[in-house]
1. Here's a check for you: in region 20-74, which residue that is hydroxyl-bearing (Ser, Thr, Tyr) and either outside any loop (DSSP other than H, G, I, E, B) or in contact with a Leu (Cβ under 9 Å, 6 or more places away or on another chain) (or both) is nearest to Val144 (Cα to Cα)?
2. What residue, among those in region 147-173 that are open to solvent by less than 10 Å² (accessible area, probe 1.4 Å) and assigned to a loop (DSSP other than H, G, I, E, B), is nearest to Thr18 (Cα to Cα)?
3. Confirm whether Ala78 is within 12 Å of the chain's Cα centre (by Cα), more than 18 Å from Leu102 (Cβ to Cβ), open to solvent by 10 Å² or more (accessible area, probe 1.4 Å) and not β-branched (Val, Ile, Thr).
4. Given the residues Val118, Val144, Val132, which is the only one that is part of a strand (DSSP E or B), surrounded by fewer than 14 Cβ atoms within 10 Å (Cβ to Cβ) and either aliphatic (A, V, I, L, M) or on the phi > 0 side of the Ramachandran plot (or both)?
Amino acid sequence: MPNRDHTSLLVETGEDLTLIDCSANPIGKILRLGLDPLRLRRILVTHAHTDHTYGFPSVIYSFRNYRPQRVEPLTVFAPREALELLQCLSDSYGFGSSRAPLKFDLEYREIPDTEGHVLVDAGGYQIQTTPVVHKEREVIAYRVDDRRKGRSMTYSADTEPCSSLTRLADGTNLFIMESTLIGELDLPGHCTGE
């Protein structure tokens with residue numbers, strides 16, 4: 001649709017920015033929000049489908065050319081299949097090579113396929129992960145707890161209803177979840193608006 005885009009969600013926790021999923025032009029959107037892209041500390045990817053990953057090369061390219069240049073590491077978290085895809089995209093564009101050098105380190109970290117895994121514990125906030133169900137794909141849902149403000153958010157991209165997501169989201173203040181269809185229509189691996 002002309003006024004819609006694929007999935008990217010920006011979470012501001014204290015001085016840090018965390019990007020969940022990576023479509024289109026995330027750095028341009030961060031700039032339009034009036035935020036400093038250099039505050040971006042990590043990218044969390046839910047799964048390896050195109051609409052959740054195709055903006056990753058754009059992020060790296062933007063940081064390579066951004067002024068002032070990024071020098072702080074950027075950590076990328078994803079399930080194995082998605083992590084391999086992101087590394088392949090980065091390699092395909094030569095990021096980090098002599099033809100496309102980076103002034104910052106890209107750190108790739110695989111998310112384990114376990115419920116309630118504490119991915120980040122940064123004092124003022126914590127990020128947990130859990131696997132959810134999306135056909136044959138490895139998909140991860142995220143929960144961010146802001147301890148300073150006493151609030152939390154759970155985000156799940158493509159999934160069908162599953163108990164692991166229910167447990168992760170239990171007691172959260174804000175629950176953001178993909179829904180693909182409405183009414184009686186059903187698409188395995190997705191939720192409906194109902």
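The values are calculated or read from the model by the stated rules, or taken from the named source; none is laboratory data. Quantities reported herein were computed from a predicted structural model and do not represent experimental measurements. Cβ placement follows ideal geometry from the backbone for every residue including glycine, while neighbour counts extend to all protein chains displayed. Surface accessibility is based on the protein's heavy atoms, side chains included, excluding ligands, DNA and RNA. Shrake-Rupley method; radii C 1.70, N 1.55, O 1.52, S 1.80 Å.
1. Thr53
2. Ala157
3. Criteria not met by Ala78.
4. Matching residue, one of Val118, Val144, Val132: Val118.
Here's the yes/no breakdown for (1) in contact with a strand residue (DSSP E or B) (Cβ under 9 Å, 6 or more places away or on another chain); (2) without any contact (Cβ under 8 Å) to a residue 24 or more places away in the chain; (3) basic (Lys, Arg):
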position: Tyr66; (1), (2), (3): no, no, no
position: Leu85; (1), (2), (3): yes, no, no
position: Lys103; (1), (2), (3): no, no, yes
position: Tyr108; (1), (2), (3): yes, no, no
position: His117; (1), (2), (3): yes, yes, no
